[in-house]
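Novice: Questions regarding the structure given below will be posed in turn.
Any read-out appearing in this document is the output of simple, stated calculations on the displayed coordinates, not a laboratory observation. If you're wondering where the values come from, they're calculated on a predicted model, not measured in any experiment. Counting neighbours? That spans all protein chains shown, and the Cβs are built from the backbone with ideal geometry, glycine included.
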Amino acid sequence: MIIEFELNGRLINTKIDPGKTLLEYLRSEELYSVKHGCDHGECGACSVLINDKAMNACLILMPMVEGKRVETIESFSDHKNLHDLQKLFLAEGAVQCGFCTPGMLAALEALKRENIEVSEENIRDSLNGNLCRCTGYVKPVEAALKSLSQMKNDGESS
Amino acid sequence: MRYYSPASLKEFFKISSQCPNGQKTFLAGGTDLMPCYEQGTPLPDHLIDLKHLRDLHSISVTENTLIIGALTTIQDLHDHPLIQGEFVALYQATHEFAGAQIRHRGTIGGNICNASPAGDLLPPLYAFDAQLILTGPQAERHLPIHEFILGPGKTALLENEILTSISLNRKRLRSQFQKVGLRQSMAISVVNLACTWEEDEDGFSMLEIAAGAVAPTVLILNAFTRAYLENPKKLPKLLQLIDEAIAPIDDIRATANYRRMVLKNLIWAFLTK
């Protein structure tokens, strides 16, 4: 079957196997930020944004993205200018092996777009579908708190 | 596999009646079904995605009822002010439900029709006596949730029938949800529990307790609450009535005995706080 959707700002019109997951598709397109973790929607390493909401790419079959806007963190920066969240993750030491990081960034970007109050509780809620097995959660939460408060202040003063 | 995404109920019934029974599956958010496929359950010949049935996404409020479309996501339930205000136990269950990614996709209808003994929305829906509206090609019928869920994964849905909405009476009951899992997020409940009550200066005038993950379906602990309301001082002795009502099992998450202890402790703590 043929489907049409937006991927990282580009319109895609492609023939797909309806039994393939979005995770398999994205990795076959060399979007390797989307990690193949548990395959069960439990670890959050394959989180992407679909119409601004964080979702697990492993739980979504390709036909379900018809007409949707899909974003992976490849679209957040151009490799020279990192996204503010990425900069703060680096500065705060919130990355160790890095496997869970893209999923966390996708979840946090979704929180940012919700435009609700930035608080530690909201950040922890939005990260509770992302498992980390090395750095833990304290550093990512601190980095997110700094970065999102900063972005909010910048947004309000500009 | 063939994939369908009907945009209206009429189109859904047409497609569904053309796909042979036993070879088709209905899918809402997919958060329970997809892990089954990835664990090796073969994909069905016909997969009917219900997510585009626009009419089933809304929450509507009348003076006496709250009607929730079956495809409302867990996140949308969580964010609805009336649920937060009048159906606290349901709100609390959505707050503790899995993780953000799952809450954005999973639906209330899916949680009900999946009929897991541990489904987190189920104890609050039992405790609020939710009425389910089931729609078939010819007719619509209403069933209370405890008559709809028959066992793990088993419901009273007929062929080509779907759950279209859930109706809750706005009785302004006080309520509370509690869950014990092996970690705070993304963990299937070892025990979950919803209580609804009314109270006056003498104490409870009405009390209902719905317990999950301690039997094949959620149980309303009627015998226990009735005896407790008659004589609250006898609480230590009455806990035995809970033991008699439930039938927990040992599984990878916990033993049956642990479930018994946790449930009794939660109820004890709730009633003596």
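Novice: What relative contact order, as a whole-number percentage, does chain A give when Cα pairs under 8 Å and 6 or more residues apart are counted?
Specialist: On the way: 252 pairs, mean separation 37.5, N = 158.
Relative CO of chain A lands at 24 percent.
Novice: How far apart, in nm, are two points set 7 Å out from the Cα along the Cα-to-Cβ line at residue B:249 and at residue B:202?
Specialist: 4.4
Novice: Over every pair of different alpha-carbon atoms in the range B:119-273, take the mean of 1/r and invert it; report that Kirkwood radius in Å. List each step's numbers first, then the result.
Specialist: Numbers: mean 1/r = 0.0600 Å⁻¹.
Computed over Cα pairs of the range B:119-273, the Kirkwood hydrodynamic radius comes out at 16.7 Å.
Novice: Can you give the Rg to Rh ratio of chain A, both from alpha-carbon atoms, with Rh computed by the Kirkwood formula? Working shown, then result.
Specialist: Values: Rg = 15.6 Å, Rh = 16.0 Å.
Answer for chain A: 0.97.
Novice: Taking trypsin sites (Lys or Arg not before Pro) as candidate sites, keep only those in a DSSP loop with at most 15 other Cβ atoms within 10 Å, then name the longest stretch of chain A containing none of them.
Specialist: Working: sites that count: A:20, A:80, A:133.
Here the longest segment lacking exposed loop sites spans A:21-79.
Novice: Pairs of alpha-carbon atoms within less than 8 angstrom and 6+ residues apart define the contacts here; what relative contact order does chain B have, in percent? It would help to have the intermediate numbers written out before the result.
Specialist: Numbers: 531 pairs, mean separation 41.6, N = 273.
Averaging sequence separation for qualifying contacts and normalising by length gives 15 percent for chain B.
Novice: While we're here: Could you state the orientation-averaged shadow area of the convex hull built on the Cα atoms of the range A:2-75, in nm² to one decimal?
Specialist: Working: hull surface 16.9 nm².
With every direction weighted equally, the projected area is 4.2 nm².
Novice: Can you give the percent of C-alpha pairs in the protein assembly as shown whose distance is more than 33 Å?
Specialist: Values: 35950 of 92665 pairs.
Every Cα pair in the protein assembly as shown considered, those over 33 Å come to 39 percent.
Novice: While we're looking at this one, here's another question. Counting each DSSP H run of 4 or more residues in chain B as -39500 (n - 2.57), what helix-only mean residue ellipticity at 222 nm follows after dividing by all residues, to the nearest 500 deg cm²/dmol?
Specialist: Details: 12 runs with 94 residues, N = 273.
The helix-only estimate for chain B comes to -9000 deg cm²/dmol at 222 nm.
Novice: Over the alpha-carbon set of the range A:84-157, divide Rg by the Kirkwood Rh and report the Rg/Rh ratio to two decimals.
Specialist: Rg/Rh: 0.94.
Novice: Just from the alpha-carbon atoms, what are the Rg and Dmax of the range B:199-238 in angstroms?
Specialist: Final numbers for Rg and Dmax: 11.7, 37 Å.
Novice: Of all the C-alpha pairs in the range B:1-106, what % are more than 25 Å from each other? The partial results should precede the final answer.
Specialist: On the way: 1831 of 5565 pairs.
Tail of P(r) above 25 Å: 33 percent of Cα pairs.
Novice: Looking at the range A:112-158, which GluC sites (Glu not before Pro) are in a loop (DSSP not H, G, I, E or B) and have at most 14 other Cβ atoms within 10 Å? Numbers along the way, then the final one.
Specialist: Details: sites: A:114, A:117, A:120, A:121, A:142, A:156; in loops: A:117.
Sparse-neighbourhood loop GluC sites (Glu not before Pro): A:117.
Novice: Based on the Cα gyration tensor of the range B:1-48, what are the three equivalent ellipsoid semi-axes, each the root of five times an eigenvalue, rounded to whole Å and given largest first? Let's see the in-between values first.
Specialist: On the way: eigenvalues 83, 31, 10 Å².
Sorted largest first and rounded, they come to 20, 12, 7 Å.
Novice: To test your reading of the geometry: what angle, between 0 and 90 degrees and rounded to tens, separates the Cα axis of helix B:256-272 from the longest principal axis of chain B?
Specialist: 60
Novice: Using only Cα atoms, tell me the angle between helix A:101-114 and the longest principal axis of chain A; keep it within 0 to 90° and round to the nearest 10.
Specialist: Around 80 degrees separate the two axes.
Novice: Still on this structure, please answer the following. Remind me, relative contact order of the range A:84-157 in percent, using alpha carbon pairs under 8 angstrom and six or more residues apart? Could you put the intermediate results ahead of the total?
Specialist: Values: 59 pairs, mean separation 36.8, N = 74.
Reported as a whole number, the value is 50 percent.
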